[in-house]
Amino acid sequence: RDLVTRKILVTSAPITKIPGGGSKNINVMAFYHQHHDFEMKLSRAIQTVEKILDNTRRPQIASDVHHRYNDKYSLAEFVTNTSLASQLNCLSRLGLNAEQLNTLCAWGASHSVSLVFTAKEYCSFVREVKREVEDPRKHVTQIGGSFNITSKVVTTVTEYFWKFESQWELTAIKGVGEGDANQMIIAQEKGACELKTSTKTSPHSEATVPAATHSVNITWLLKQLGGNGGAIDSPNFSIDRDKSTCATPRRNEDVTAALEHFNRVSDWGDDIASYLKHNLFNVPQRSAERPLSMGAIEDTDSIFVPVLPLLEAEAEAAGDIALEEAKGEEQDVNGSVGGGGGGAVTNTPEGGVVVTLSGAADEGTAGGRCLQSVDANAFLAEERRSMRAKCDDISQAFPSDGSIVTAANCVVVVTLTHIKNVAISLWGCLDYIEKMLRNQLIAAIGKEVMPQDFAEYMVFHNRKLFAPQYRPKPFCYDVRRTANHSPEGVLSINQNLVGTAQPEAIATIVSRADYSHPMTFPINAAANVTFNGDRYLHAYLAHTFSGSSAASLSLSAQARQFSSLLVMVGTISSATSFEPKYACVVQNKDELTVPLELSTIPTPKEFKDAIESLSPEQQRFAKAFRSMQLASTLFGVLVIQIKPALERVLNLPNDALTKEIKLTQDLMDLFITYQIPTDLLSFDESTADATGGDARARLNAVKGHVAAMHEMIGAAKAQEVADAEEKYKYEHPMRRGMSDDESEGAFPSEGSWKNSLEKKKTRPGRGFGGGGGGPPPPGGAPRMMMARSAAPPAPPAASSFSFGAAAAPVAAPAPAPAFASQQQQQQQQQQQ
């Protein structure tokens, strides 16, 4: 059940959507490349972890610690809750305070809450300044020997000064934000600078409102802080492991919702940071007295990312001392935000909030290998310390004078970039857990399970589950008359599985029944065929891996030498009727392969839910159409052996044609090629008394009818050949003077005389003497050469002619001496 229902077996890495990358998905190779980079960053982060925790602690990468399956769920919850606390601390760095967070949580209990970033830009004309600029070059003119005249060029330059102003606000809105009561400003910033141009054309629009607008829904984040009685609690994300949709610690609805939230917030922060860096910071600032180092805001590796997939071989309680060290910077806190909720969301003296994890998150990890909440709080404390150090460096590298590129704006960029890094780390941790689970499963089995391997497992499983008479069997059947006869052919339904060189027959649960009532199928609107025989009902259960397509199926029919059968495919419309769609005669080592395309129709529940909102007329139509679909979903294959059918229509006894190979082939040719009615070849029952009516007499009578039919067909063919000869003579009047033998020998075969006509149109005409040779007569007849002074050629010796073969050579008269050499050259060319 776990292998099939829980969908643990996968054949490819999951397609991962990277935060900040828009809606682009990465392929499998990119996933493994990023996973390798993640492990390298993780190994560097462990060195920092060793400094944060006590010397007695030895956390390790999860794959290096022996653990239980439940520890993977605890690890996924641990890294998600740590990411939530980190994100809230970053929002606090942007300006979110304790009172505002309390209000947002109250809003989130009944409405959606969004963060909206709005930027505005203004540009206005200030003044016009004219100044004179002296050319540094001077021109000296000497007059006589004692006087010099010095001149220089002075240029009047007109400059235009503009005031560029920008302001942005970070606002939280409830619902759609109608009215001031549903809006709350979290942070805002203004800045201005002076721009200079050489023309009186504004470098920017007079007012760009809004210059940028980016919003993100944070309702899911606020719901993770909900405590008892409306109080704010620490992040309490958990995975519902009892849900039927929960497959693994990575693939479940709870983790999917968490990753969607972090991806939204990461994209939102990336858009804001991109606007500040690429739009606002690119405005030239005339007042900047020192060059600004923009690389300081790009380098965020010094900020510690607290989201790490670590386990500990022997987890020990950190104790009260470690707890106090982890909360060192909260020693002057003002109490809980929620007012007695028992949570770990506390105030800071500056008015912000510090979010840590509470001990309630450790209840489900008792006895496990996952780290405790105090360890996560120590990681979060290191994150805040490294963030403060980075902000201090920015405040020293950038001004705080109310310009555009200020330390406050740069801190916003760094904080949003860190939010993105935390989201990427969370994606990496959860994908790491999934990949670790995959590798452990492959190691336990000893190989990567492919569809072929799973098909072999199902065969093994069915042998244990079903009794022999009910066990699924390969859909591969010999077509034979009785058990005493050799098979006429083989019929099978094959599937192409990944990892197999040849298609294999599918396994079906089959039921055989001997029905007394006959069935019919139509061959046209006026005729139906009634048939009887063995009938089999098959049930096929297909297995597919999640994210992959089903195996392609094909119907295969093979006939042995001197054997023939008719294969018809269609649907079973009722208990007595078969509706064929396609049919084919398979004979003499033919192999027929018909691809089968499967389509899925809605289940009864899906159909009922889909038509519930339709009108009564539409529901009746949908039900009628579905009934037609259900009536035509039973796929049927009908196999008719041709030899027994021939014996019945020709009034021959059973097995009469079994050893009559030539007669059978002649009959098949007459029926298929010439469409001869069976009455013209069958034995006449009215003559049974006169001929004796035994098997030999019946066969001889049928053979006589076949020979007579062949004689008539041969005569018809000879008449067609004669008609073609007459037509050729009529179209080639130059041949009329020839003798019968010459004319007969010169007549081309059916496949070559048409080509000779085309050659005659494109090449020069026949030459007499030395006037240039034309093409030889079609059909292989020899070239007739004549000398000018020579007598007419004597009639050639009689030669036999066979249709389709080259004509016998005809002797040519001796040429005159004057043209002997030329005649020999032409004969040599003809022989070549």
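Can you tell me which residue is nearest to Q665 (Cα to Cα) among those in segment 558-576 that are assigned to a strand (DSSP E or B) and either of a type in the set (K, R) or open to solvent by less than 30 Å² (accessible area, probe 1.4 Å) (or both)?
S564
Please tell me if K581 is out of contact with any Cys (no Cβ under 7 Å at 6 or more places or on another chain), among the basic types (K, R) and assigned to a loop (DSSP other than H, G, I, E, B).
On the way: out of contact with any Cys (no Cβ under 7 Å at 6 or more places or on another chain): yes; among the basic types (K, R): yes; assigned to a loop (DSSP other than H, G, I, E, B): no.
Criteria not met by K581.
Kindly provide the set of residues from segment 475-496 that are open to solvent by less than 90 Å² (accessible area, probe 1.4 Å) and over 22 Å from F635 (Cα atoms), ordered by number.
R480, R481, T482, H485, S486, P487, E488
This table checks each residue for (1) under 30 Å from N484 (Cβ atoms); (2) in contact with a strand residue (DSSP E or B) (Cβ under 7 Å, 6 or more places away or on another chain); (3) surrounded by fewer than 16 Cβ atoms within 10 Å (Cβ to Cβ).
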site	(1), (2), (3)
F625	no, no, yes
I642	yes, yes, no
L657	yes, no, no
L663	yes, no, no
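For segment 39-74, which positions are open to solvent by 10 Å² or more (accessible area, probe 1.4 Å) and within 14 Å of E383 (Cβ to Cβ)?
A45, T48, K51, I52
Can you report the number of residues in segment 380-434 which are in contact with a Gly (Cβ under 6 Å, 6 or more places away or on another chain), over 30 Å from T248 (Cα atoms) and assigned to a helix (DSSP H, G or I)?
The number of residues fulfilling the criteria is 1.
A quick yes/no check of all residues on (1) among the hydrophobic types (A, V, I, L, M, F, W, C); (2) under 26 Å from the mean Cα position of the chain (by Cα):
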residue: A505; (1), (2): yes, no
residue: S516; (1), (2): no, no
residue: D534; (1), (2): no, no
residue: L541; (1), (2): yes, yes
residue: A551; (1), (2): yes, yes
residue: R560; (1), (2): no, no
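Against the condition under 17 Å from P595 (Cβ atoms) and open to solvent by 60 Å² or more (accessible area, probe 1.4 Å), how does S549 come out, does it pass?
Taking the combined requirement at face value, the residue satisfies it.
When you scan segment 236-250, do you find a residue that is in a helix (DSSP H, G or I), modelled with pLDDT of 90 or more and surrounded by fewer than 19 Cβ atoms within 10 Å (Cβ to Cβ), even just one? Let's see the steps before the verdict.
Taking segment 236-250 and keeping what is in a helix (DSSP H, G or I), we get none.
No, because not a single residue in segment 236-250 is in a helix (DSSP H, G or I), modelled with pLDDT of 90 or more and surrounded by fewer than 19 Cβ atoms within 10 Å (Cβ to Cβ).
Can you spot a residue in segment 429-437 that is out of contact with any helix residue (DSSP H, G or I) (no Cβ under 7 Å at 6 or more places or on another chain) and open to solvent by 70 Å² or more (accessible area, probe 1.4 Å)?
Step one: list which residues in segment 429-437 are out of contact with any helix residue (DSSP H, G or I) (no Cβ under 7 Å at 6 or more places or on another chain), which gives 434.
Subsequent filtering for residues that are open to solvent by 70 Å² or more (accessible area, probe 1.4 Å) retains none.
No, segment 429-437 contains no residue that is out of contact with any helix residue (DSSP H, G or I) (no Cβ under 7 Å at 6 or more places or on another chain) and open to solvent by 70 Å² or more (accessible area, probe 1.4 Å).
Which of the following residues is open to solvent by 50 Å² or more (accessible area, probe 1.4 Å) and of a type in the set (D, E): E159, E121, E77, E99?
Result: E99 is the single residue among E159, E121, E77, E99 that is open to solvent by 50 Å² or more (accessible area, probe 1.4 Å) and of a type in the set (D, E).
Consider V449 against the criteria (1) β-branched (V, I, T); (2) out of contact with any Ser or Thr (no Cβ under 7 Å at 6 or more places or on another chain); (3) in a helix (DSSP H, G or I): it satisfies all of them except one. Which criterion is unmet?
Failing condition for V449: (3).
If you scan segment 449-469, which residues turn out to be acidic (D, E) and open to solvent by 70 Å² or more (accessible area, probe 1.4 Å)? Break it down stepwise before answering.
Initially, segment 449-469 is screened for residues acidic (D, E), giving 453, 456.
The answer is E456, and nothing else.
Tell me which residues, restricted to segment 183-225, are open to solvent by less than 40 Å² (accessible area, probe 1.4 Å) and assigned to a strand (DSSP E or B). Give the steps one after another, and end with the answer.
If we filter segment 183-225 for residues that are open to solvent by less than 40 Å² (accessible area, probe 1.4 Å), which is where we start, we get 184, 186-187, 191-193, 195, 197, 211-212, 216, 218-219, 221-222, 224-225.
M184, I186, A187, G191, A192, C193, L195, T197, A211, A212, V216 - these are the residues of segment 183-225 that are open to solvent by less than 40 Å² (accessible area, probe 1.4 Å) and assigned to a strand (DSSP E or B).
Just to check your reading of the model, which residue among P472, P503, P518 is touching a Ser or Thr at 6+ places or on another chain (Cβ under 9 Å) and surrounded by fewer than 16 Cβ atoms within 10 Å (Cβ to Cβ)?
Only one candidate passes the filter, namely P518.
With the condition kept exactly as written, say whether any residue in segment 716-724 is at pLDDT 90 or above, assigned to a helix (DSSP H, G or I), closer than 21 Å to K662 by Cβ and open to solvent by 60 Å² or more (accessible area, probe 1.4 Å).
To start, the set of residues in segment 716-724 that are at pLDDT 90 or above comprises 716-724.
If we keep only those that are assigned to a helix (DSSP H, G or I) as well, we get 716-724.
Of the ones still in play, those that are also closer than 21 Å to K662 by Cβ are 717.
Filter once more, so that each one left must be open to solvent by 60 Å² or more (accessible area, probe 1.4 Å): 717.
Looking through segment 716-724, at least one residue is at pLDDT 90 or above, assigned to a helix (DSSP H, G or I), closer than 21 Å to K662 by Cβ and open to solvent by 60 Å² or more (accessible area, probe 1.4 Å).
What tally of residues in segment 677-704 results from selecting those that are closer than 25 Å to V585 by Cβ and crowded, with 18+ Cβ neighbours inside 10 Å?
6
Looking at this structure, is R264 within 15 Å of E77 (Cβ to Cβ) and at pLDDT 90 or above? Full working, then the answer.
Working: within 15 Å of E77 (Cβ to Cβ): no; at pLDDT 90 or above: yes.
It is false that R264 is within 15 Å of E77 (Cβ to Cβ) and at pLDDT 90 or above.
Residues to consider are V129, V153; find the one that is aliphatic (A, V, I, L, M) and either closer than 21 Å to K196 by Cα or under 56 Å from the mean Cα position of the chain (by Cα) (or both).
So the residue among V129, V153 that is aliphatic (A, V, I, L, M) and either closer than 21 Å to K196 by Cα or under 56 Å from the mean Cα position of the chain (by Cα) (or both) is V129.
Answer yes if at least one residue in segment 676-688 is part of a loop (DSSP other than H, G, I, E, B), at positive phi and at pLDDT 90 or above, and no otherwise. I'd like the intermediate steps shown before the answer.
Pass one, segment 676-688, residues part of a loop (DSSP other than H, G, I, E, B): 676-677, 681-684.
Next, only the ones that are at positive phi stay: none.
No, because not a single residue in segment 676-688 is part of a loop (DSSP other than H, G, I, E, B), at positive phi and at pLDDT 90 or above.
Got at least one residue in segment 595-618 being modelled with pLDDT under 95, closer than 21 Å to L553 by Cβ and in a helix (DSSP H, G or I)?
Looking for residues that are modelled with pLDDT under 95, closer than 21 Å to L553 by Cβ and in a helix (DSSP H, G or I), one finds none in segment 595-618, hence no.
For segment 104-112, state whether one or more residues are touching a residue at least 40 places away in the same chain (Cβ under 8 Å), within 39 Å of the chain's Cα centre (by Cα), over 16 Å from Q188 (Cα atoms) and in a loop (DSSP other than H, G, I, E, B).
Yes, segment 104-112 has at least one match.
Does any residue in segment 652-670 that is in contact (Cβ under 8 Å) with a residue 60 or more places away in the chain come within less than 7 Å, Cβ to Cβ, of a residue that is of a type in the set (G, A, S) and open to solvent by less than 50 Å² (accessible area, probe 1.4 Å) six or more places away or on a different chain, and which pairs are these?
Every condition considered, the pairs that remain are M668/S564.
Taking the criterion of being touching a residue at least 12 places away in the same chain (Cβ under 8 Å), of a type in the set (F, W, Y) and over 30 Å from D233 (Cα atoms), would at least one residue in segment 168-185 satisfy it?
yes
Which number in (1) touching a residue at least 40 places away in the same chain (Cβ under 8 Å); (2) within 30 Å of S486 (Cβ to Cβ); (3) open to solvent by 50 Å² or more (accessible area, probe 1.4 Å); (4) not hydrophobic (A, V, I, L, M, F, W, C) marks the one condition that E579 misses?
The failed condition is (2).
The values are calculated or read from the model by the stated rules, or taken from the named source; none is laboratory data. Being a predicted model, the structure only gives us computed values, none of them experimental. Cβ sites come from the backbone with ideal geometry, for glycine too, and all protein chains shown count toward neighbours. All accessible areas refer to the heavy atoms of the entire protein, side chains included, with ligands and DNA or RNA removed. Shrake-Rupley method; radii C 1.70, N 1.55, O 1.52, S 1.80 Å.
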